[in-house]
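Following: one structure in structure tokens, then a few remarks.
What follows is calculated from the coordinates using simple rules that are stated; it is not laboratory data. All values derive from a computational prediction rather than experimental measurement. Using ideal geometry, Cβ is built from the backbone for each residue, glycine included, and neighbour counts are taken over all protein chains shown.
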Amino acid sequence: MLDVFDRCRLHDDFQPVADLGAYPYYRAVQDRLPTGEVIIDGRVLVTAGSNDYLGLSADPRLKEAACRATLRLGTGTAGSRLVNGSLSLHEELETRLAAFLGQEAAMVTSTGFLANMALGALAGPRDTVLADLLIHASLIDSVRAGGARLRRYRHNDMDHLGRLLDACDPAAAGLIVSEGMFSTTGTLCDLPGIAKLARRHGVRVVLDGAHDVGLLGAGGRGAAEHYGLESAVDLHTVAFSKCFGTTGGAVAGPEQIILYLRHHARSMVFSAALSPACTAAALAALDVIETEPERRHRALAAAARLRADLSGLGFQTGTSETPIIPVHAGDIVLCCRLWAELFHEGVFTTAMVPPSVPEGRALIRVSTTALHTDAQLDRIATAFAAAGRRLGLIP
Ligand code: PMP
């Protein structure tokens, strides 16, 4: 037989990048500074690609909550929620999250990825899931795991979604799945359009709020609140790895559905419960999200300033109005070279290449956080100017 190990090679496109010494992945961070900077290879770099939008991962209140929970409850949960892993701390977080998101109930999972995977328990082989072309891998995997038919509509294209819905079997069940704020482009989903089509066709709406819950909307409840359409979201998923400054995730929705998922979602039943430290940190983050709106205002204002600077320099920065600023490079090698030049200039960014983005659409994902100072934003823009000129990307 063939040996599966023979197939385990990096994507061919990465070889020229590795040859140039520009391979961007797995650069080990030695330390994270409270200023939002990182130390890599002994150098202090400004981070411009983190999901820590509110700057909470280094917040003393979260760290103290995590330490206290560890001292009281230990470092692990030793089992899944269904058997021996449930803590009253999980239940407290679930009650708080459900109230925060305006849903009846919530269930906490060990990662945001696993929160989305839980959706696989909802749609089966006879059902259809209609999903935006740019949705996260975890949502695609969950649909595949459940065996439903997956139909993708072009990014935010409501005419396309409408046509796909028209072609669905009315005797089957349907779900529309979108991210609130898309993780690679920073664009907001067209929730008003989705809500209208969902009502017309009698299908449920699932919104992945991984990047926007905590960040958008007057109360930080995400893209749904931003649009005043919280009631149009049937199930809302959350990842604690972004605005909540820790790890973990949650699904919020009607009580009966959450109860069903607790017993049927394989990612819930067969995976150990979230650690005491992360659960307590998420609770502390929720306190901050509810009481310190200035953090999200700062992250958004910093993005507006940096976006204006980067597009003024001549970079293609797309249409986002959120803290995610995609700087389009197109080709994988060019994108990785840009990443390496920025690294050399003292700025740590994220290179997004296929399969994270469609072929030919590689980009540097720049994101701002509440911690960025104006001086750091200027340093990022100056680094882009130097790197972009060296590579001939800008005049
Ligand atoms: N949804 C989206 C849109 C994401 O970007 C991510 C992670 N990048 C996840 C879900 C998974 O979250 P986590 O990393 O917390 O597992």
For a quick check, take a GNM of the chain with Cα springs below 10 Å and name the residue from 74, 249, 112 with the largest mean-square fluctuation. 74
Report ³J(HN,Hα) in whole Hz for each residue of segment 248-260, in order, from the Karplus equation J = 6.51 cos²θ - 1.76 cosθ + 1.60 where θ = phi - 60°; Gly and Pro get x. x, x, 7, 10, 10, x, x, 3, 5, 6, 5, 4, 4
Give me the distance in nm between label points sitting 7 Å out from Cα along the Cα-to-Cβ direction at residue 6 and residue 20, one decimal. 3.2 nm
Quick check: from the Cα gyration tensor, does segment 1-110 come out rounded (a/c under 1.5), prolate or oblate? oblate
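Which percentage, to the nearest 5, of the DSSP beta bridges contained in the chain is antiparallel?
Numbers: 26 of 45 bridges.
Among the beta bridges of the chain, antiparallel pairing accounts for roughly 60 percent.
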FRET efficiency, 1/(1 + (r/R0)^6) with R0 30 Å, evaluated for residue 137 and residue 256 via beta carbons: 0.60
In vacuo Debye sum over C-alpha of segment 248-339, base-10 log of normalised intensity I(q)/I(0) at q = 0.21, 0.22, 0.24 Å⁻¹, listed in q order, is -0.99, -1.03, -1.14
Kirkwood Rh over alpha-carbon pairs of segment 172-220 plugged into Stokes-Einstein at 20 °C, 1.002 mPa s gives a D in µm²/s of 184 µm²/s
Sequence ranges 318-324, 212-218, ranked by mean other-Cβ count within 10 angstrom, highest first: 212-218, 318-324
The chain: relative contact order from alpha carbon pairs under 8 Å, six or more residues apart, as a whole percent, is 23 percent
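Which of the peptides 20-32, 41-53 is most tightly packed, and how do the rest follow, going by the mean number of other Cβ atoms within 10 Å of each residue? All intermediate terms of the calculation are to be shown ahead of the outcome.
Working: 20-32: 12.4, 41-53: 19.6.
Sorting 20-32, 41-53 by mean packing, highest first, produces 41-53, 20-32.
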If you take the alpha carbon radius of gyration of segment 260-303 and divide it by 2.2 N^0.38 Å, what ratio comes out, to two decimals? 1.73
Spin-label model distance (nm) - residue 157 vs residue 126, 7 Å beyond Cα toward Cβ: 3.1 nm
Classify segment 66-111 as rounded, prolate or oblate from the Cα gyration tensor: take a ≥ b ≥ c as the square roots of its eigenvalues, call it rounded if a/c is under 1.5, otherwise prolate when a/b beats b/c and oblate if not. oblate
Assuming R0 = 56 Å, can you tell me the calculated FRET efficiency for the pair residue 149 and residue 287, based on Cβ-Cβ distance, to the nearest 0.05? 0.85
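To two decimal places, what compactness ratio does segment 260-395 give when its Cα radius of gyration is scaled by 2.2 N^0.38 Å? Spell out each step's value before the answer.
Values: Rg = 18.7 Å, N = 136, 2.2 N^0.38 = 14.2 Å.
Here the answer is 1.32, to two decimals.
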Under the Karplus curve 6.51 cos²θ - 1.76 cosθ + 1.60, θ = phi - 60°, whole-Hz ³J(HN,Hα) for segment 382-390, x wherever Gly or Pro sits: 4, 5, 4, 4, 5, 5, x, 5, 4
Considering only segment 103-254, percent of DSSP beta bridges that pair antiparallel, nearest 5: 35 percent
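Does segment 203-270 come out rounded, prolate or oblate by the C-alpha gyration tensor, with a ≥ b ≥ c the root eigenvalues, rounded set by a/c under 1.5 and, if not, prolate when a/b is larger than b/c and oblate if not?
Numbers: a/c = 2.87, a/b = 1.30, b/c = 2.20.
Since a/c reaches 1.5 but b/c is at least a/b, the shape of segment 203-270 is classed as oblate.
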Please compute the alpha carbon radius of gyration of the chain, then divide it by the globular-protein estimate 2.2 N^0.38 Å. Two decimals is fine. 0.99
Which ³J(HN,Hα) values, rounded to whole Hz and listed in residue order, are derived for segment 83-93 from phi using the Karplus coefficients 6.51, -1.76 and 1.60 in 6.51 cos²θ - 1.76 cosθ + 1.60 with θ = phi - 60°, glycine and proline given as x? 9, 10, x, 6, 10, 5, 4, 4, 5, 4, 5
Per-residue Cβ neighbour rank within 10 angstrom, fewest leading, 342, 2, 10: 2, 10, 342
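Once R0 is set to 35 Å, what does the formula 1/(1 + (r/R0)^6) return for the Cβ-Cβ distance between residue 297 and residue 67, expressed as a FRET efficiency to the nearest 0.05? Walk me through the intermediate numbers first.
Details: r = 29 Å, r/R0 = 0.83.
Once rounded, the FRET efficiency stands at 0.75.
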